[in-house]
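Down below is the structure, laid out as structure tokens.
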Amino acid sequence: MYQENTLKAMKEGIKRGADYLEIDILYTKDNKIVIYHDTCFKETLPLCGAVKDYTLEELRERIDINTLEEVLTWGRENNVFFGLELKEIPVTMYEKSRQMLPSLISCIKEHDMLDQVFVFGANYKVLKELKVLEKQITIGIIVPFVPLDPVTMMKEMDALIYLSYVNNLTPEIVNNLKQNGYYIDGSTVKTKQTMELAISLGVDMVEVDDPDQWKDVLDKKENRKVGV
């Protein structure tokens with residue numbers, strides 16, 4: 001078992017059949033874009049506080065961590081697709097996220113990955129600013145609730161991918177979004193029952209922790225994009 005969000009784990013995910021990789025973006029004290037799941041460190045690690053409190057060098061002295069540049073270099077060489085989540089604590093990290101958007105766009109474009117990534121998150125304000133800065137970038141929005149009008153919300157955000165817990169989806173929501181040209185990502189599928197629900201709803205993508213766990217289910221049903 002590899003540490004989540006490291007290149008070792010990503011390579012293993014692709015090897016085991018993932019169609020794309022969902023990874024989390026954070027920013028260091030010295031303004032480097034890194035890939036790490038948790039905004040704050042767990043008590044079991046030799047660090048305290050948050051990723052933003054340390055420089056890249058300080059982090060690498062203590063944990064296994066990769067930069068977005070390293071990951072996209074590997075992704076371009078191996079034709080890998082990514083969902084990049086802007087991971088943040090909205091109130092305390094909003095300004096930092098805004099300041100780093102040009103660097104994020106530059107990194108994606110320098111690696112010629114505009115067609116192989118989508119950027120998503122729960123901070124709609126930051127995502128809208130990202131879309132203003134780079135109209136060609138594909139964005140998705142995390143929707144942790146059941147909105148009154150999903151299609152209008154997607155139009156207002158200029159988003160393409162609707163990310164929701166499978167249990168918050170209904171046939172009406174899925175069909176309405178699809179009829180208007182949007183994609184639905186069911187997150188995060190961990191049981192056979194939830195996977196079967198996602199397939200019955202007709203979602204376009206699902207996120208799983210273990211692609212092997214769902215291979216038999218997927219083979220018996222319609223093909224779906226699988227991310228880890």
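The values are calculated or read from the model by the stated rules, or taken from the named source; none is laboratory data. Since the model is a prediction, treat every value here as computed from it, not as a measurement. When we count neighbours, we look across all protein chains shown, and the Cβ atoms used for this are built from the backbone with ideal geometry, even at glycine.
Overview of results
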read-out	value
When residues of segment 31-64 are limited to those that are modelled with pLDDT of 95 or more and touching a Phe, Trp or Tyr at 6+ places or on another chain (Cβ under 9 Å), the one nearest to ILE105 (Cα to Cα)	ILE33
Odd one out for MET205 among (1) over 18 Å from the mean Cα position of the chain (by Cα); (2) over 25 Å from TYR94 (Cβ atoms)	(1)
In segment 166-223, the residues that are in contact (Cβ under 8 Å) with a residue 60 or more places away in the chain and part of a helix (DSSP H, G or I)	PRO211, ASP212, LYS215
Criterion: surrounded by fewer than 22 Cβ atoms within 10 Å (Cβ to Cβ) and at pLDDT below 95 - qualifying residue of LYS125, LYS109, LYS135	LYS125
Some residue of segment 145-162 being surrounded by 16 or more Cβ atoms within 10 Å (Cβ to Cβ), out of contact with any strand residue (DSSP E or B) (no Cβ under 9 Å at 6 or more places or on another chain), at pLDDT 95 or above and assigned to a helix (DSSP H, G or I)	yes
Residue count, segment 72-131 (criterion: in contact with a His (Cβ under 9 Å, 6 or more places away or on another chain) and over 20 Å from GLY13 (Cα atoms))	1
Positions within segment 138-154 being in contact (Cβ under 8 Å) with a residue 12 or more places away in the chain and of a type outside the set (Phe, Trp, Tyr), in sequence order	THR138, ILE139, GLY140, ILE141, ILE142, VAL143, PRO144, VAL146, PRO150, VAL151, MET153, MET154
